[in-house]
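First up is the structure itself, then whatever we jot down about it.
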Amino acid sequence: MKLRFFSSIVIMAAVALGICVTAANAQPSATQVKKDVSGPKTISVTVGGRGTRVWSKGYSKWVWDVPYSAKVKSEEPGVNILVEATASYDIVGGRYVYWRSFVGSNIYEGIPNPTETEVASLLTQFGPQKVMMGDFYNAVGGVESVKLAGKPRFEWHTLNSVSFTVIATYREKIDSTTMRRISKPFRARLYRDSKTSPWKNILGTGELNDDEVIVVL
């Protein structure tokens with residue numbers, strides 16, 4: 001009897017402090033994820049599963065990642081953005097606290113992404129140094145190739161600017177006697193004046209994901 005009374009006091013105290021006793025270890029539900037990632041321009045959100053506990057190398061911590069897709073209104077009337085992203089939650093004492101979303105890709109409905117051929121032509125036009133930045137000067141004997149990555153991760157910032165991942169292959173110097181041949185990812189961003197204008201510039205951004213890594217060939 002005393003034990004039951006004590007347990008009731010503990011539960012009542014937890015409720016008074018705003019602590020959820022029964023759901024303390026529950027991962028965020030689809031409903032909660034939709035609420036966390038939605039904003040004023042969100043049209044719809046589809047959650048892709050319960051999620052996974054992963055180690056974020058970039059931030060050196062464990063997080064709970066939940067994939068989702070969304071349709072969002074753009075700045076262009078009648079044109080929507082289709083987003084593929086991950087909702088990332090901090091794991092704090094058994095609780096899951098929404099941290100931020102990481103965009104895997106987004107595209108404008110009806111507006112095509114640059115093709116592999118277009119990207120190759122633009123990299124030839126503007127030169128790989130603009131994307132590779134300082135790494136360009138580490139290439140021994142020049143850069144063998146720079147091309148659109150197998151998973152480009154297109155991200156449109158506006159109708160006139162889009163980022164994506166390219167892969168550069170080259171030999172780099174490790175020390176005075178050793179070299180290695182590598183395949184290295186870089187984020188490139190294109191700019192233009194209007195959605196019907198040609199692309200006028202390309203720059204590197206350095207904004208890579210954890211899974212975009214150097215491969216030694």
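Every number in this text was worked out from the coordinates using simple rules, so none of it is lab data. Quick caveat, the model's predicted, so the values are computed rather than measured. Reconstructed Cβ throughout: ideal geometry from the backbone, glycine too, with neighbour counts over all protein chains shown.
Points worth noting:
- Extension gain (nm, one decimal) between residue 46 and residue 79, 0.36 nm per residue minus Cα-Cα: 10.0 nm
- Residue 194-residue 124 FRET efficiency (beta carbon distance; Förster radius 22 Å; 0.05 resolution): 0.40
- Zone of residue 160's modelled label, taken as backbone nitrogen in region 181-217 under 20 Å from a point 7 Å along Cα→Cβ: 188-205
- Charge tally around residue 111: other residues with Cβ under 14 Å, Lys/Arg +1 each, Asp/Glu -1 each, net -3.
- Between residue 54 and residue 31, the simple spin-label model (points 7 angstrom out along Cα→Cβ) gives 2.7 nm.
- Fully extending the segment from residue 179 to residue 71, taken as 0.36 nm per residue of separation minus the present Cα-Cα distance, adds 34.2 nm.
- Between the listed residues 96, 176, 166, the Cα displaced farthest toward the positive end of the dipole of the chain, a dipole computed from Cβ unit charges relative to the Cα centre, is found at 96.
- Only one residue of 51, 126, 198 has its Cα farthest out toward the positive end of the dipole of the chain, where Lys and Arg carry +1 and Asp and Glu -1 on Cβ, and that residue is 51.
- Extension gain for residue 208 to residue 172 (0.36 nm times residue separation, less C-alpha to C-alpha distance): 11.0 nm.
- Reachable lysines, given that their alpha-carbon falls under 18 Å from the alpha-carbon of residue 151 and they are not under 8 places away in the same chain: 184
- Placing +1 on each Lys and Arg Cβ and -1 on each Asp and Glu Cβ, with no other charges, gives the chain a dipole about its Cα centre of roughly 620 debye.
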